[in-house]
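Take a look at the structure below.
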Amino acid sequence: MGSLTCLTEPAAVIVADASAVINLNATGCARDIVTALPNRVAVVDVVATELEQGRRRDRQDADLLNELVAVGLIEVVGLAEPAVQHFEELVIGPAARTLDDGEAATIAYAIAHDAIPLVDERKANRICAERFPQLRIGCTVDIFTHPEVMRCLGSETLAGAVFKALYHGRMRVFPHHVEWVLGLIGTQQAALCTSLPGSVRLPLAKAAGAKTSS
């Protein structure tokens, strides 16, 4: 079995989309997680602005990001050529072929700087696979499955962090990570996480309901 994480190069920069930042914030231990990573972590200024706009909905993700930036754990970066060109290619065109500004900026920066973008949306992953097959793209779960993060947090704290990312952050989980997530948090907690694929969660919820009624 290969590595569960795509973050196998310590020298590679990780560029986190808004979804990844929100999921990390939801864990309640984002600082410990980012500290454990050997990689430098960056967020594009477009994403930081998106998180600032979340204040209108009483979200605190911008504040939590700013705290990590203030202590030097995350760097806010901007787009320059050729990243700007990639960004424009990703936001201009038919809806089925374009992404929102934050996802596009994250991917564009990663392409220009040979970095690893963390994007949890399936559409963004599909477009990257079609248009940038050489780009290594990851997701939030790739952080949780990193050996250093698992070692630093320990299984109990890690399980709690992943559950909170799922339950509060509504973290998406791709098929190749589902078995690992279920094994970590258990089926009862997994049944509560609406962001898990319905094909996985609904049978678990039915099973849990049957146990309760018996």
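What follows draws every value from the coordinates through simple rules; no lab data is involved. Just so you know, these numbers come straight off a predicted model, no measurement behind them. Glycine gets a Cβ as well: all are built from the backbone with ideal geometry, and neighbour counts include every protein chain shown.
Relative to the dominant Cα principal axis of the chain, helix 122-131 is inclined by about 40°. Computed from the C-beta positions of LEU202 and ALA80, the FRET efficiency with R₀ = 41 Å rounds to 0.35.
Between the Cα long axis of helix 147-167 and the first principal axis of the chain there is an angle of about 80°, rounded to the nearest 10. Taking every C-alpha pair closer than 8 Å and separated by at least 6 residues, the mean separation divided by the residue count of region 14-141 gives a relative contact order of 30 percent.
Straightening the chain between ALA96 and GLU9 buys 28.1 nm, computed as 0.36 nm per residue apart minus the Cα-Cα spacing. For GLU75, the residues whose amide H sits under 5 Å from its own are VAL41, ALA42, VAL43, ignoring neighbours fewer than 5 places away on the same chain, with H placed 1.01 Å from N. Relative to the dominant Cα principal axis of the chain, helix 61-70 is inclined by about 60°.
Note on GLN188 and GLU88: their simple-model spin labels are 5.6 nm apart, each label 7 Å out from Cα toward Cβ.
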